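The values are calculated or read from the model by the stated rules, or taken from the named source; none is laboratory data. These numbers were taken from a predicted model, which means no experiment stands behind them. In this analysis, Cβ positions are derived from the backbone assuming ideal geometry, glycine residues included, and neighbour counts consider all displayed protein chains. Areas reflect the complete protein model, heavy atoms only, side chains present, ligands, DNA and RNA absent. Shrake-Rupley method; radii C 1.70, N 1.55, O 1.52, S 1.80 Å.
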Amino acid sequence: MPSFDPSKRDKLEDFEHREIELLGKTRRVYVAGQGPAVIVMSEMPGISPYVARFARWVRDAGLTVYMPSLFGRDGVMPGVPGTMVTLARTCISREFRAFAANKSSPVTQWLRALAALAHKECGGHGVGAIGMCFTGNFALHMMLEKAVVAPVLSQPSLPMHDAAGLAIHPDELARVKQRLENEDLTVRGYRFEGDTFCPATKFAAYEKALGDRFVGTVLPDSAANPDAPLKTPHSVVTLHLIDEAGQPTAQARDEILEFFRARLIDGV
């Protein structure tokens with residue numbers, strides 16, 4: 001793995017840069033690794049060096065990472081000029097329904113198609129998916145694609161301004177829940193205890209909707225990296241992760257990687 005310096009732009013040179021057209025829409029997707037596929041969806045404002053670092057951990061775990069560029073400037077540090085513009089543009093985009101409690105974002109249809117393609121290309125027992133913050137609950141939507149068997153919701157924050165909303169249409173939620181039951185699958189979720197973007201009411205809503213099929217992990221705020229550019233504990237596997245043995249965030253990362261490997265490689 002390249003030396004990690006989040007202050008420098010990550011050119012993502014160790015990824016294949018692919019232009020993938022699905023459902024009439026072309027997006028850049030960064031691909032690396034071998035083995036079953038995992039879709040890594042970035043948090044706002046885009047594919048930062050922190051998100052790319054997590055993608056490399058997925059790759060190094062013996063998996064193929066597909067990291068689509070959904071918004072923002074690829075490889076730049078969060079907080080650079082233009083971040084708020086990216087957020088504003090994405091929020092009003094027709095592809096993202098940032099404020100709708102019971103509606104699904106249209107972009108999830110493209111992401112499901114990407115998962116189907118990735119499974120066809122990489123094989124294995126299925127595809128993993130992790131969303132972060134703005135894309136956090138997209139991994140739940142992706143369960144509507146039969147190839148997706150290992151969804152992870154890292155600090156899911158949509159819909160904005162509705163702490164108990166899930167940003168998914170009730171009919172789709174019912175189909176996801178039925179599939180979880182039929183195939184004995186689980187959804188993993190991660191958040192910090194004091195996270196104001198993904199508060200306790202958000203996880204409570206997932207627990208109410210999915211029952212014991214939702215396995216939520218809550219980390220203490222003291223586990224967050226104090227040197228992160230965002231002072232509010234929020235980004236479990238990116239900004240606020242402390243890459244040291246024994247750290248709760250590092251343990252959460254390793255648990256996620258093992259979840260992917262167990263479901264996609266071992267099929268358990």
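Values as computed for the structure displayed
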| quantity | calculated |
| --- | --- |
| Solvent-accessible ranking of Leu23, Leu230, largest area first, probe 1.4 Å | Leu23, Leu230 |
| Given charges at beta-carbon only (K, R positive; D, E negative), |dipole| of the chain in Debye | 780 |
| For the chain, share of DSSP beta bridges that run antiparallel, in % to the nearest 5 | 35 |
| Residue range of the chain that is longest and free of trypsin sites (Lys or Arg not before Pro) which are both DSSP loop and sparsely packed (at most 15 other C-beta within 10 Å) | 147-230 |
| The chain, relative contact order in percent, only Cα pairs under 8 angstrom and at least six apart counted | 16 |
| Charged-residue dipole, Cβ positions (Lys, Arg, Asp, Glu), segment 205-268 about Cα centre, Debye nearest 20 | 260 |
| Thr196, Thr26, reordered so the largest accessible area comes first (probe 1.4 Å) | Thr196, Thr26 |
| Binned Cα-Cα distance frequencies in segment 149-268 - 10 Å width, integer % | 14, 41, 34, 11, 0 |
| Accessible surface of the chain, 1.4 Å probe, proportion on carbon and sulfur as whole % | 50 |
| Cβ charges +1 (Lys, Arg) and -1 (Asp, Glu), total dipole of segment 159-268, debye | 260 |
| 222 nm mean residue ellipticity, helices alone, for the chain (DSSP H n ≥ 4; -39,500 (n - 2.57); rounded to 500) | -9500 deg cm²/dmol |
| Diffusion coefficient, µm² s⁻¹, Stokes-Einstein with Kirkwood Rh over alpha-carbon pairs of segment 212-268 at 4 °C and 1.567 mPa s | 105 |
| Cα coordinate range in the chain, projected on the principal axes (Å, largest first) | 45, 40, 39 |
| Viscosity 0.692 mPa s, temperature 37 °C, Stokes-Einstein D of segment 1-60 from Kirkwood C-alpha radius, µm²/s | 260 |
| Within segment 165-220, GluC sites (Glu not before Pro) in DSSP loop having at most 15 other beta-carbon neighbours inside 10 Å | Glu193 |
| Accessible-area value, Cys133, 1.4 Å probe, nucleic acids and ligands omitted, Å² | 20 |
| Unit Cα scatterers, Debye sum, segment 129-204: log10 I(q)/I(0) for q = 0.17 Å⁻¹ | -0.60 |
| Cα centroid separation, segment 155-230 to segment 24-63 (Å) | 21 |
| Leading residue at positive end of dipole, segment 112-268 (Cβ point charges), from Cys133, Phe259, Leu117 | Leu117 |
